[in-house]
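Just so it is clear, none of the values below were taken in a lab; they were calculated from the coordinates. Predicted, not measured: the structure shown is a model, and the values here were computed from it. In this analysis, Cβ positions are derived from the backbone assuming ideal geometry, glycine residues included, and neighbour counts consider all displayed protein chains.
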Amino acid sequence: MSLAWKVTVTVILFAVAAVAAVVLIVNLLGQPPTVDFTSSSSGAPVDVTLQSVGTYGSGSHPTWVSYLVEDPQGQWVHTTTFQVPAHVRINVTIINYDSGSPLRNQQLGQVTGTYGNVATLNGRPFRVINSNAGNGVAHTFSMPSLGISIPLYGNNGNANLCGAAPCTTSSPHQVIKFSFTSPGPGSYRWQCFVPCGLGFLYGNGGPMATLGYMGGFMQVAA
Amino acid sequence: MTDPGAAGPATGPDQSGEQGETHHWWRLIAIWVVLSAILDPLFYFLAGPHIPPGTMTDVAQGAQFDFNVLFVIALPVLLAVWIYLIYAFIMWRASRGGPDPVGGEAARGHLGIQVGWILVTTVVVLFLAGFGTYELVQPGGAGGGEGSSPIWTPTSKTVLPIQVIGQQWKFTYRYPTFGGFETNQLVVPNDTTIQFNVTSLDVIHSFWAYQLGVKADANPDYNNVAYATTQELGSFIVRCAELCGIWHGAMYNNGAVVTPQQFETWAKATEVRLRRNTKLLPPFALTYTPDANGADGGYYPDNVDPYSNVEQYGAPQPKGGG
């Protein structure tokens, strides 16, 4: 092999390695955006609206289940990270567009950590969902460090469910509402505890293990 | 020509006992004995009581005692090496402009020292092996998971069973003697022997109640038993000690040792508060075989009917199903 060939091969390999390294770093550092709810007046309650969809419908993982967050301007953002002020009432609305199933652990069928340990489903208060009856539980919104966990009642799997986010209320949906007080400043993990990562071992890979889909953070600002 | 190893400033330790020579060995031994006699009790009585994991349970106290014993034995060995090294650096260093240190009689091996060193270290290691083996299982399994049929059991006749259920990524706790309610909170009474029945609903986790001195793997379809007898009030932390997925690092919670009266009050109130959900839980069992959502170990596409309503947490498995 001539010297020119060796140099050429070396340069190409180096370039490939450099590109691979850049792609890897960009992917590792890439974080879903943060929706900011801290601009409201001091001490005022903050309304946070999310939706859960069975398939995101586009992007690099169109078949993955996902949460989305509605920003203060009313635009749906594909993220699971949002920021709220400390020590204020957080009113959460989750519009669930996904079907349900029995829970792996019915312990997660309870509402915990909200005001009165109660939430509302389509306007009716509830404390427990029997995941083995009706449409089952689609997902949970759980923040273990704060003891918060709310099961999201599923839609009928035979219905014509929304298949591409952001979904609108013209598709079958369930509206779950609850409130809690935000803690002190910090970063609080939240996630779905239903193993809804289809095609992954125990259902906990893929979207369950990727920020921006079924788990994220509630950032609490000072 | 004189033998440089027989006299001069670079004389070795085996010169002790000769008329007019420094008694290096006696000096070394004296320094070692005095330092060991001072530092060992200082460590044992001042630092020892604060060594983790503390004394919240008998097994935690046992772990603390074991560490202290090992340290008290290891410290004189450490001192012997350090004292000899420092002494040698000071006493037998080459002086500037003086003759180079050379070998000779003083640098030759000493059979007595070699045999003595091997003998002493062998005795120490054998003792520690025996001591460690005994302490590994006493009292009552020393807080480790003993499998489903424990050999080393506590002497207490009154045992409170608590089931620890691991799942990605949290622990929950069932109290079978209080109606089988399941909660996120781990509350235990003081002066009570606890029997932790540890299992998992998915992958392998490890229940590590650090201050309780309890650590037991949580395996799916397996009941791993660990014992501890509480003896101090306070809070403790539970962590998962087995890398179990992306949120493994966040799989922890706090627990509390409370008075028996407080525990009774809490347990009865929680039993009532959670009664509606307790009815929906599967009957208490030592292990559960959740089948829904592929939790039987299969991947989703292979699961026959992951959304069947009869496949639920703890439900009996149909023959050939899953």
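Taking the Cα centre of the protein assembly as shown as origin and assigning +1 to Lys and Arg Cβ atoms and -1 to Asp and Glu Cβ atoms, the resulting dipole is close to 1260 debye.
Rounded to whole numbers, the Karplus 3J(HN,Hα) couplings from phi for the range B:255-271 are x, 8, 9, 10, 5, x, 5, 4, 5, 4, 4, 4, 5, 5, 5, 5, 4 Hz, using 6.51 cos²θ - 1.76 cosθ + 1.60 with θ = phi - 60°, and x at Gly and Pro. Residues whose amide H falls under 5 Å from that of B:T229, counting only those 5 or more places apart or on a different chain, are B:D58, B:V59, B:I194, with hydrogens built in the peptide plane. Taking amide H as placed 1.01 Å from N in the peptide plane, B:G147 has its amide H under 5 Å from the amide H of B:V225, each at least 5 places away in sequence or on another chain. Once you reduce the range A:125-140 and the range A:11-79 to the center of their Cα atoms, the two points are 28 Å from each other. Between amide H atoms placed 1.01 Å from N, distances below 5 Å from A:G136 occur with A:G154, all of them 5 or more places distant or on a separate chain.
Couplings for the range A:41-53, taken from phi via the Karplus curve 6.51 cos²θ - 1.76 cosθ + 1.60 with θ = phi - 60°, read 4, 4, x, 6, x, 10, 9, 10, 10, 10, 9, 10, 10 Hz in order; Gly and Pro are left as x. Quarter the surface of the alpha carbon convex hull of the protein assembly as shown and you get the mean projected area, 42.5 square nanometres.
Overall form of the range B:159-290: oblate. Here a/c, set by the Cα gyration tensor axes a ≥ b ≥ c, is 1.5 or more, and a/b is not larger than b/c. Computed from the Cβ-Cβ distance with R0 of 41 Å, the FRET efficiency linking B:L119 to B:T158 stands at 0.30.
Cα gyration tensor of the range B:45-135, axes a ≥ b ≥ c as square roots of the eigenvalues: rounded (a/c below 1.5), prolate (a/b > b/c) or oblate? Oblate. In chain A, a dipole from Cβ-located charges (positive for Lys and Arg, negative for Asp and Glu) runs towards its positive end, and of A:G74, A:A138, A:V88 it is A:A138 whose Cα lies farthest in that direction. Can you compute the helix-only [θ] at 222 nm over chain A? Use -39500 (n - 2.57) per DSSP H run of at least 4 residues, normalise by all residues, nearest 500 deg cm²/dmol. Dividing the helical sum by the residues of chain A leaves -4500 deg cm²/dmol.
Scanning the protein assembly as shown for cysteines with no neighbouring cysteine C-beta under 4.7 angstrom from their C-beta gives A:C192, A:C196, B:C240, B:C244. A Cα-only calculation for the range A:33-221 places Rg and Dmax at 15.3, 45 Å.
Placing +1 at every Lys and Arg Cβ and -1 at every Asp and Glu Cβ, with all other atoms neutral, what dipole size does chain A have around its Cα centre, in debye to the nearest 20?
340
Just check the range A:1-125 against the gyration tensor rule for me: Cα atoms, a ≥ b ≥ c as the square roots of the eigenvalues, rounded for a/c under 1.5, and otherwise prolate or oblate depending on whether a/b exceeds b/c. Prolate. Across the options A:G216, B:G145, A:S101, the greatest Cα extent toward the positive end of the charge dipole of the protein assembly as shown (unit charges at beta carbon of Lys, Arg, Asp, Glu) belongs to A:S101. Taking θ as phi - 60° and the Karplus parameters 6.51, -1.76 and 1.60, the scalar couplings of the range B:228-243 work out to 7, 10, 6, 8, 8, 7, x, 9, 9, 10, 10, 10, 7, 10, 10, 4 Hz in sequence order, x denoting glycine and proline. If one computes the Cα centroid of the range B:252-284 and of the range A:156-188, what distance in Å separates the two points? Between the Cα centre of the range B:252-284 and that of the range A:156-188, the gap is 30 Å.
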